[in-house]
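S.K.: Submitted below is the structure of interest, expressed as structure tokens.
The values are calculated or read from the model by the stated rules, or taken from the named source; none is laboratory data. Please read all numbers here as calculations on a predicted model, not as lab measurements. Every residue, glycine among them, receives a Cβ derived from its backbone with ideal geometry; neighbour counts consider all protein chains shown.
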Amino acid sequence: MLLNIGQSEVSLPTQINVSNEVLYLGIKALAALDRALQQSPSDVTVRAELYFSKGNQFREINQLDRAFQSYKLAVELKPDQSQAWMNMGGIQHIKGDYAAARMYYQRALMLSPGSKLLKENLAKLDRLERKVTGGS
């Protein structure tokens with residue numbers, strides 16, 4: 001069986017192998033991040049970045065609750081980390097908690113007021129909320 005991915009056709013076994021490789025690399029990355037965190041770096045920015053990276057790895061392997069918790073730890077250490085706020089909003093957006101998503105997106109937008117992506121995400125939320133409430 002061949003699947004058309006973008007401009008190329010990829011067999012299902014190849015796709016599965018690639019997915020398994022991504023999962024394996026993600027798990028290895030998480031282990032490395034945990035080892036780094038166990039060193040208890042004294043620099044708050046370094047610790048925040050490690051938690052942020054851990055959140056990204058969890059997100060890549062679709063462990064959204066764990067990703068959210070890692071991002072939360074990152075912003076507790078470094079509240080001006082707009083990307084972590086945005087990613088927490090994205091996770092809530094995916095889970096359908098639009099009110100929480102909006103809160104996190106708005107916090108990120110306060111830190112990065114020129115972010116086109118954040119403005120687009122908020123516009124998507126507006127459309128979804130109108131659809132859910134039956135508004136136009």
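S.K.: Can you confirm whether the range 117-130 contains a residue that is small (Gly, Ala, Ser) and either outside any helix (DSSP H, G or I) or crowded, with 18+ Cβ neighbours inside 10 Å (or both)? It would help to see each step written out before you state the result.
M.R.: Taking the range 117-130 as the starting set, the residues that turn out to be small (Gly, Ala, Ser) are 123.
Add one more test, that the residue is either outside any helix (DSSP H, G or I) or crowded, with 18+ Cβ neighbours inside 10 Å (or both), and what stays is none.
No, the range 117-130 has no match at all.
S.K.: Also: Condition test on Val46, is it modelled with pLDDT under 95 and either among the charged types (D, E, K, R) or more than 23 Å from Val132 (Cβ to Cβ) (or both)? Talk me through it step by step, then tell me what you get.
M.R.: Values: modelled with pLDDT under 95: yes; either among the charged types (D, E, K, R) or more than 23 Å from Val132 (Cβ to Cβ) (or both): yes.
Judged against the criteria, Val46 is a match.
S.K.: When you look at Leu73, is it under 15 Å from Leu37 (Cβ atoms), out of contact with any Leu (no Cβ under 8 Å at 6 or more places or on another chain), modelled with pLDDT of 95 or more and surrounded by fewer than 23 Cβ atoms within 10 Å (Cβ to Cβ), yes or no? Steps first, answer last, please.
M.R.: Details: under 15 Å from Leu37 (Cβ atoms): yes; out of contact with any Leu (no Cβ under 8 Å at 6 or more places or on another chain): yes; modelled with pLDDT of 95 or more: yes; surrounded by fewer than 23 Cβ atoms within 10 Å (Cβ to Cβ): yes.
Answer is yes for this residue.
S.K.: Hey, another quick one. Restricting attention to the range 44-61, which residues are buried (at least 18 other Cβ atoms within 10 Å of the Cβ), acidic (Asp, Glu) and under 10 Å from the mean Cα position of the chain (by Cα)?
M.R.: Of everything in the range 44-61, nothing turns out to be buried (at least 18 other Cβ atoms within 10 Å of the Cβ), acidic (Asp, Glu) and under 10 Å from the mean Cα position of the chain (by Cα).
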